[in-house]
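Have a look at this one.
Each value in this text was obtained by applying a stated rule to the coordinates, not by laboratory testing. Quick caveat: nothing in here was measured; it's all calculated off a predicted structure. Because the Cβ atoms are built from the backbone with ideal geometry, glycine has one as well, and the counts that use them run over all protein chains shown.
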Amino acid sequence: MKVLANDGISENGIKAIEEAGIEFLNQRVAPEQLANFINENKVDVLLVRSATKVSKELIDACSSLKIIGRGGIGMDNIAVDYAKEKGIKVINTPTASSKSVAELVFGHFFTMARFLHESNRLMPLEGDTRFKDLKKDFKNAFEISGKTLGVIGFGSIGQEVIKMGIALGMKVKVCTRKPKTENLELHFFDGQTVNFKITSTNNIEEFLSDCDFISINTPKTTEYILSTSEFEKMKDGVFIVNTARGGVLDEVAMVNFIENKKIAGAALDVFENEPTPELALLMNPAISLSPHIAGSTVDAQNKIGIELAEQLIALKKDF
């Protein structure tokens, strides 16, 4: 088995793969050269994250490929169905980065509720001349505890967001296409556990009506989950975070609702136009921004590397 990790992989993952006797190529090959590289080196396994696109054309051009692996949960950069039709095994790591994504969701919630994104920008510029004015500007902040958290999506990331919300003392609501019930277990440092049975709703109007904070945690969609009609159903002063995918949230409509104060603040880690987000988003002081880094922590990368290695080692027997 020969493995190419074209978007990189953690050192722990590399070590586990090599200790299993698998040949590992930790190289970054440009898209236009990737097919030739795979063919010339007779690569069996292509591991990617979000940077490398595994198209039908690439799959057709690389007869040696037997496994395609995605470090992460979303696989919209891979022609998954086509690969499977061609007899290629497709693997991913759906839970490895869930905690990291959920923590960024709350990083943005805290940032917006306490105006940190604005004060961090303005304090270096005006902190020595307008200190008292800035203190006044940022005084109308909110606690998160006791507020209502609405989570759209009930997968591994959505469940981690829910558990963190519960731990912070929030009321929790979940919205999915079809109602479902999940048993969530919270683990604490001293070995105690607490179990919660959570049932989602598919009534979007009822769901949106009283949420103070909304987190979108869904796969890529073909249409907006939140657009004008949904924003109109929300309570005034809501905060929204999107760490899912660009295109699940109508950014143009969102800016309009921020300007009329319906939405108090929004946070975007993903954008409709990546890697060149609209200037209106980047310059809006009510929007907290990050460059698609929700799953990018040392911890998540280590988990991803180890999970991919374990899956490859398990599949090695078929080679």
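Check which residues have an amide H placed less than 5 Å from Phe24's amide H, if you skip close sequence neighbours.
Residues meeting the criterion, in which the H sits 1.01 Å from N, are Val3.
Tell me, what HN-Hα J-couplings in whole Hz come from the Karplus equation 6.51 cos²θ - 1.76 cosθ + 1.60 at θ = phi - 60° for each residue of the stretch 187-200, using x for Gly and Pro?
Here the 3J(HN,Hα) series is 9, 10, 4, 9, x, 6, 9, 10, 10, 10, 9, 10, 10, 8 Hz.
Can you check what the net charge comes to around Ile225, using other residues whose Cβ is under 12 Å from the Cβ of Ile225 (Lys, Arg +1; Asp, Glu -1)?
Taking every Cβ under 12 Å from that of Ile225, the sum is 0.
Let me ask something additional. Under 8 Å for C-alpha pairs, at least 6 residues apart: give me the relative contact order for the stretch 8-147, rounded to a whole percent.
15 percent
Can you list the aspartates and glutamates whose alpha carbon is less than 16 Å from that of Lys139, not counting same-chain residues fewer than 8 positions off?
Glu118
Could you tell me which of the pairs Lys99/Lys136; Lys197/Lys235; Lys84/Lys233; Lys89/Lys173; Lys86/Lys317 are separated by over 31 angstrom between their Cα atoms in the structure shown?
Lys99/Lys136; Lys84/Lys233; Lys89/Lys173
Here is a follow-up. Counting alpha carbon pairs within less than 8 Å and at least 6 residues apart, what relative contact order, in whole percent, applies to the chain?
It comes to 18 percent, rounded to a whole number.
Here's a follow-up. Using the crude model of +1 on Lys and Arg Cβ and -1 on Asp and Glu Cβ, and no other charge, please compute the dipole size for the chain relative to its Cα centre, in debye to 20.
Once rounded to the nearest 20, the dipole reads 500 debye.
So what's the back-of-envelope 222 nm ellipticity for the chain, counting only DSSP H runs of four-plus at -39500 (n - 2.57) apiece and dividing by all residues, rounded to 500?
-10500 deg cm²/dmol
Using a Cα-Cα cut-off of under 13 Å, which aspartates and glutamates could be cross-linked to Lys220, ignoring same-chain neighbours fewer than 8 residues away?
List returned: Asp76, Glu272.
Arrange the peptides 267-276, 120-129 so that the one whose residues have, on average, the most other Cβ atoms within 10 Å appears first.
Result, highest mean first: 267-276, 120-129.
How much of the DSSP bridge set in the chain is antiparallel, in percent, rounded to the nearest 5?
Close to 15 percent.
So for each of 95-104, 17-26 I average, over its residues, the number of other beta carbons within 10 Å; can you give me the resulting order with the highest mean first?
Ranking the peptides 95-104, 17-26 by packing returns 95-104, 17-26.
Out of residues 5 or more away from Gly71 or on other chains, whose amide H comes under 5 Å of its own, with H placed 1.01 Å from N in the peptide plane?
Here Val48, Arg49 satisfy the definition.
Provide the per-residue ³J(HN,Hα) series for the stretch 215-222, in order, calculated from phi with Karplus coefficients 6.51, -1.76, 1.60 and θ = phi - 60°, each as a whole number of Hz, with x at glycine and proline positions.
Going residue by residue, I get 10, 9, 9, 10, x, 4, 10, 8 Hz, with x marking Gly and Pro.
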